[in-house]
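What follows is a set of notes on a single structure, which appears directly below.
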Amino acid sequence: NKNSKPKVVIILLLRSGRFAGGVFTSNSTNANSIKCLVHRSCTRYTVRKGQGGSQSANDNNKGKAKSIGAQLRRDGEKKLRADVSETLK
């Protein structure tokens, strides 16, 4: 059917201080006609190097750390949430 509407696919990935998202469209009659309409990616410092896991998870388990690194990671988590929220609007 040549009058079929194109399919819209949204892909979102979030892990370890990294976010990537994109909106793609595909014509169902031709698998090679995938087009990216918009995409965005960003990275923030949120993970405890060598320790693994996020700063907020460490704060919940062991109490709030007062180091500069911990403060930077907490700030990175806030900024990453804001980036993702702004992207999804």
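The values are calculated or read from the model by the stated rules, or taken from the named source; none is laboratory data. Every value quoted in this text rests on a predicted model; they were computed, and no experiment measured them. Counting neighbours? That spans all protein chains shown, and the Cβs are built from the backbone with ideal geometry, glycine included. What goes into the accessible areas is simple: the full protein's heavy atoms, side chains included, and nothing from ligands, DNA or RNA. Shrake-Rupley method; radii C 1.70, N 1.55, O 1.52, S 1.80 Å.
Can G63 be described as in contact with a helix residue (DSSP H, G or I) (Cβ under 8 Å, 6 or more places away or on another chain) and either open to solvent by less than 90 Å² (accessible area, probe 1.4 Å) or touching a residue at least 24 places away in the same chain (Cβ under 8 Å) (or both)? So that I can check it myself, show each step before the final result.
Details: in contact with a helix residue (DSSP H, G or I) (Cβ under 8 Å, 6 or more places away or on another chain): no; either open to solvent by less than 90 Å² (accessible area, probe 1.4 Å) or touching a residue at least 24 places away in the same chain (Cβ under 8 Å) (or both): yes.
So G63 does not fit the description; no.
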Worksheet item: Within region 74-87, can one find any residue that is surrounded by 10 or more Cβ atoms within 10 Å (Cβ to Cβ), of a type in the set (S, T, Y), assigned to a strand (DSSP E or B) and in contact with a Gly (Cβ under 9 Å, 6 or more places away or on another chain)?
Response: no
Worksheet item: Checking K35 against (1) charged (D, E, K, R); (2) exposed (fewer than 10 other Cβ atoms within 10 Å of the Cβ); (3) closer than 19 Å to I10 by Cβ, which test does it fail?
Response: (2)
Worksheet entry | Total residues in region 5-23, condition open to solvent by 60 Å² or more (accessible area, probe 1.4 Å) and out of contact with any Ser or Thr (no Cβ under 9 Å at 6 or more places or on another chain) | 4
